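What follows is a short report on a single structure.
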Amino acid sequence: MSNSGILRSHSPNFDNRTLPISLLVMHYTGMKTGKEALERLCDEKSKVSSHYLVFENGEIHQLVPENKRAWHAGISSWKGEKDINSCSIGIEIVNGGHNYLDADGKIPEYKNDQLKAVIALSKRIINQHGKLEFLGHSDIAPSRKKDPGEHFPWEYMASEGLGKWPLIKSDDRRALFELNDRDRGVSIVQTGLAKLGYSACVTGVMDQSTVDIIFAIQRRYRQDQVDGILDIMTMEIIKSLLEI
Ligand SMILES: [Zn+2]
């Protein structure tokens, strides 16, 4: 894709980066329409923005120059870094998400043209900036955010070289640890989650923040059951991710 295929809109909601770019972060807009999202992301009063906004028909708008620090991540953390806005490029994808369900009560699907545009844009960005980690907002802010949601096709993205995909050998959903369980095994899992990049503290207790990270892992890698319970299959997914 050439840059000329990208439309320009201007958001005033950015400042200067203090870190090199190392992450590419996916979001859904969680609003009723793309038009409303574009207006909000460009409204000085909203104090939010992203570098790109991808509409359902695949139309891409650039709102903030890549060398500037767009305000898309909020309070977040990855691999110990908390100023995610400084080290990332943010892509907002028009989708109502958990806030605006379909007529049949489901989270609205992403559109094919839209996903193709996200893939082409992401590949172009990675070609330009070198290898960036491909993440969701829920990975960097698991206690606050659900986007891009358990309907975002992470496996398809991984098949295009965008993000990791674990080798999933088990479909065993028997629970290992739930909220408030205390066990040495919980410490081991927390150590693994922190190694992956999640903001896990090694406490040996399945505290709420650890459960939130389990939700984020399932939202991305085990989308048919997102319950925050650390079961055998989820444990296998974490183990496999650590080996990639
Ligand atoms: Zn977001």
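The values are calculated or read from the model by the stated rules, or taken from the named source; none is laboratory data. The shown structure was predicted, so the numbers you read here are calculated from the model rather than taken from an experiment. For neighbour counting, all protein chains shown are included, and Cβ atoms are generated from backbone atoms with ideal geometry for every residue, glycine included. These accessible areas exclude ligands, DNA and RNA; they are computed on the full protein's heavy atoms, side chains included. Shrake-Rupley method; radii C 1.70, N 1.55, O 1.52, S 1.80 Å.
Numbers below:
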| item | result |
| --- | --- |
| Magnitude of the charge dipole, the chain, Cβ model with Lys/Arg +1 and Asp/Glu -1, debye to 20 | 640 |
| Sequence of PHE134, PHE55 from largest to smallest accessible area, 1.4 Å probe | PHE55, PHE134 |
| Share of carbon and sulfur in the accessible heavy-atom surface of segment 32-149 [1.4 Å probe, %] | 48 |
| Rel. contact order, % - alpha carbon contacts under 8 angstrom, at least six apart, the chain | 19 |
| Proximal lysines relative to LYS79, as straight alpha-carbon distance under 24 Å, when same-chain residues fewer than 8 apart are discounted | LYS68, LYS123, LYS131, LYS145, LYS146, LYS164, LYS195, LYS239 |
| Inter-centroid distance (Cα atoms) of segment 153-208 relative to segment 42-70, Å | 31 |
| Of all accessible heavy-atom area on segment 175-243, the percent that carbon and sulfur account for (1.4 Å) | 51 |
| Per-selection metrics, the chain (Cα): Rg and Dmax in Å | 17.8, 55 |
| Full-extension gain in nm, ASN99 to GLU160, via 0.36 nm per residue minus C-alpha separation | 19.1 nm |
| Accessible surface, segment 1-100, averaged per residue in Å² (probe 1.4 Å) | 46 |
| Solvent exposure, largest accessible area first (probe 1.4 Å, DNA, RNA and ligands not counted), of THR29, THR210 | THR29, THR210 |
| Cα long-axis angle, helix 208-221 against the chain (0 to 90 degrees, to the nearest 10) | 70 |
| Pairwise FRET efficiency - ARG144 versus LYS169, Cβ, R0 = 30 Å, nearest 0.05 | 0.40 |
| C-alpha long axis of helix 184-196 to longest principal axis of the chain, angle in ° | 20 |
| Taking segment 46-116 and dividing mean pair separation by its residue count, relative contact order in percent (alpha carbons under 8 Å, at least six apart) | 35 |
| Crossing angle, helix 232-243 versus the chain [Cα axis fit, 0-90 degrees, rounded to tens] | 60 |
| Order by protection proxy (mean Cβ within 10 Å, highest first), peptides 122-130, 166-174, 143-151, 80-88 | 143-151, 80-88, 122-130, 166-174 |
| For segment 137-208: accessible area per residue (Å², 1.4 Å) | 53 |
| Estimated vicinal HN-Hα couplings, Hz - segment 136-143 in sequence order (Karplus 6.51, -1.76, 1.60; Gly, Pro = x) | x, 4, 5, 6, 8, 9, x, 7 |
